[in-house]
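Accompanying notes for the structure given below.
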Amino acid sequence: MRLENKVAIVTGAASGIGAATAQLFAAEGAHVLAVDMNETGLHETQAESQAAKGQIACLALDISEAQAADTIVDDAVSRFGQLDILMNNAGIGSNAPGESMPLEVWQKTLDVNLTASFRLCQAAIPHLKNAPAGRIINVASVMAQHTDYGLAAYSASKAGVTGYTRTLALELGKFGITANCILPGAIHTGMTAAGFANNEIADIWAKKSPLRRLGHPIDIARGALFLASDEGGFVTGHDLNVDGGMLLRT
Ligand SMILES: NC(=O)c1ccc[n+]([C@@H]2O[C@H](COP(=O)([O-])OP(=O)(O)OC[C@H]3O[C@@H](n4cnc5c(N)ncnc54)[C@H](O)[C@@H]3O)[C@@H](O)[C@H]2O)c1
């Protein structure tokens with residue numbers, strides 16, 4: 001029980017990495033507020049966790065709405081009385097050539113992936129300061145450091161997340177709060193399901209890893225657990241690649 005008596009918020013918890021992380025945190029003893037705009041998926045995450053005696057509460061909303069950050073943090077604190085861990089994981093992909101990318105696509109990608117997570121940090125920090133060991137874990141991407149065709153907005157949003165997270169690590173260390181990013185590689189989730197349904201595409205991405213496989217949501221959840229638990233207590237301002245070694249080769 002590495003998270004006993006801890007309270008965690010996990011966004012994007014209806015699917016993929018967020019669902020696996022909410023369930024793993026709950027299995028490790030945390031009270032988890034699972035947040036997502038997909039209410040049905042949230043309840044599936046909760047039901048699977050209950051079967052394993054995990055404690056997950058659900059909150060369905062769009063994290064990019066104006067009041068979302070305060071609503072989420074207030075909900076967690078009023079339900080559970082404290083907040084120890086914020087895992088900003090909800091995110092969207094976008095794909096359009098930079099030259100012709102509609103401004104709405106650029107804006108929406110930044111609103112969800114970057115601004116909403118920053119606002120959640122702002123709302124959470126006063127409570128994390130009261131925690132014995134506050135934790136901010138932001139899910140970026142290997143595309144924060146690299147890129148691909150069509151990823152101008154996505155790559156910018158994820159590089160933004162790593163940038164502001166480092167700054168928060170610097171500013172919040174004196175309160176005992178750590179702030180880190182996880183940079184997933186190619187993970188089989190809701191976001192990538194359509195692409196990886198094509199065996200040829202799945203194979204290409206699996207072979208980019210020296211381990212010769214795609215990642216699973218639990219691979220990322222285990223990285224998040226390390227950062228959330230006492231084991232990660234002296235790690236801050238770090239970008240943790242959980243990519244099966246995908247970035248080793250140029
Ligand atoms: N899958 C990958 O290969 C990969 C690689 C690098 C980074 N990531 C990042 O991992 C994170 C999790 O993605 P995933 O791969 O598990 O995808 P996913 O699509 O399975 O899960 C993302 C979840 O976020 C939720 N979400 C999206 N926008 C939201 C909003 N505005 N408000 C509330 N909820 C919202 C979705 O409903 C969904 O349940 C994302 O930030 C993504 O960018 C994924």
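Read through the list (1) assigned to a helix (DSSP H, G or I); (2) more than 13 Å from the ligand (Cβ to nearest atom); (3) out of contact with any strand residue (DSSP E or B) (no Cβ under 9 Å at 6 or more places or on another chain), then give the number of the only condition that Tyr149 fails.
(1)
Select from region 33-59 the residues that are hydrophobic (A, V, I, L, M, F, W, C), closer than 20 Å to Ile187 by Cβ and in contact with a helix residue (DSSP H, G or I) (Cβ under 8 Å, 6 or more places away or on another chain) and write down the one among them that is nearest to the ligand (Cβ to nearest atom).
Taking the candidates together, the pick is Val35.
Within region 193-216, how many residues turn out to be among the aromatic types (Phe, Trp, Tyr) and under 14 Å from Leu247 (Cα atoms)?
Residues that pass the stated criteria total 1.
Residues Met37, Met1: which one is within 27 Å of Phe196 (Cα to Cα), surrounded by fewer than 22 Cβ atoms within 10 Å (Cβ to Cβ) and of a type in the set (A, V, I, L, M, F, W, C)?
Of Met37, Met1, the one residue that is within 27 Å of Phe196 (Cα to Cα), surrounded by fewer than 22 Cβ atoms within 10 Å (Cβ to Cβ) and of a type in the set (A, V, I, L, M, F, W, C) is Met37.
Here's the yes/no breakdown for (1) assigned to a loop (DSSP other than H, G, I, E, B); (2) over 15 Å from the mean Cα position of the chain (by Cα); (3) of a type outside the set (Ser, Thr, Tyr); (4) more than 19 Å from Asn180 (Cβ to Cβ):
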{"residue": "Glu4", "(1), (2), (3), (4)": "yes, yes, yes, yes"}
{"residue": "Ile17", "(1), (2), (3), (4)": "no, no, yes, no"}
{"residue": "Gly29", "(1), (2), (3), (4)": "yes, yes, yes, yes"}
{"residue": "Gly41", "(1), (2), (3), (4)": "no, yes, yes, yes"}
{"residue": "Val73", "(1), (2), (3), (4)": "no, yes, yes, yes"}
{"residue": "Leu86", "(1), (2), (3), (4)": "no, no, yes, no"}
{"residue": "Gln107", "(1), (2), (3), (4)": "no, yes, yes, yes"}
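Take the residues in region 167-204 that are in a loop (DSSP other than H, G, I, E, B) and of a type in the set (Val, Ile, Thr), then tell me which one is surrounded by the fewest Cβ atoms within 10 Å (Cβ to Cβ).
Thr192
Filter region 43-64 for residues that are outside any helix (DSSP H, G or I) and out of contact with any strand residue (DSSP E or B) (no Cβ under 6 Å at 6 or more places or on another chain); which is surrounded by the fewest Cβ atoms within 10 Å (Cβ to Cβ)? Before you say what the answer is, go through the steps one by one.
Just the residues of region 43-64 that are outside any helix (DSSP H, G or I), to begin with: 52-64.
Filter once more, keeping what is out of contact with any strand residue (DSSP E or B) (no Cβ under 6 Å at 6 or more places or on another chain): 52-54, 60-62, 64.
Numbers: Ala52: 10, Lys53: 8, Gly54: 21, Ala60: 15, Leu61: 16, Asp62: 13, Ser64: 19.
So the residue we want is Lys53.
Considering (1) within 15 Å of the ligand (Cβ to nearest atom); (2) surrounded by 16 or more Cβ atoms within 10 Å (Cβ to Cβ), say which one Gln67 fails and leave the rest.
Every condition holds for Gln67 apart from (2).
Considering every residue within region 114-130, establish whether at least one is near the ligand (Cβ under 10 Å from one of its atoms), under 18 Å from the mean Cα position of the chain (by Cα) and among the small types (Gly, Ala, Ser).
Within region 114-130, the first condition is being near the ligand (Cβ under 10 Å from one of its atoms), and the residues that meet it are 116-117.
Then drop every residue that is not under 18 Å from the mean Cα position of the chain (by Cα), which leaves 116-117.
Going one step further and asking which of them are among the small types (Gly, Ala, Ser), we end up with 116-117.
Within region 114-130, one or more residues are near the ligand (Cβ under 10 Å from one of its atoms), under 18 Å from the mean Cα position of the chain (by Cα) and among the small types (Gly, Ala, Ser).
Every read-out reported here was derived from the displayed coordinates using simple, explicitly stated rules and does not represent laboratory data. Bear in mind the structure is a predicted one, so any value in this text is a computation, not a measurement. Cβ atoms come from the backbone with ideal geometry, glycine included; neighbour counts cover every protein chain shown.
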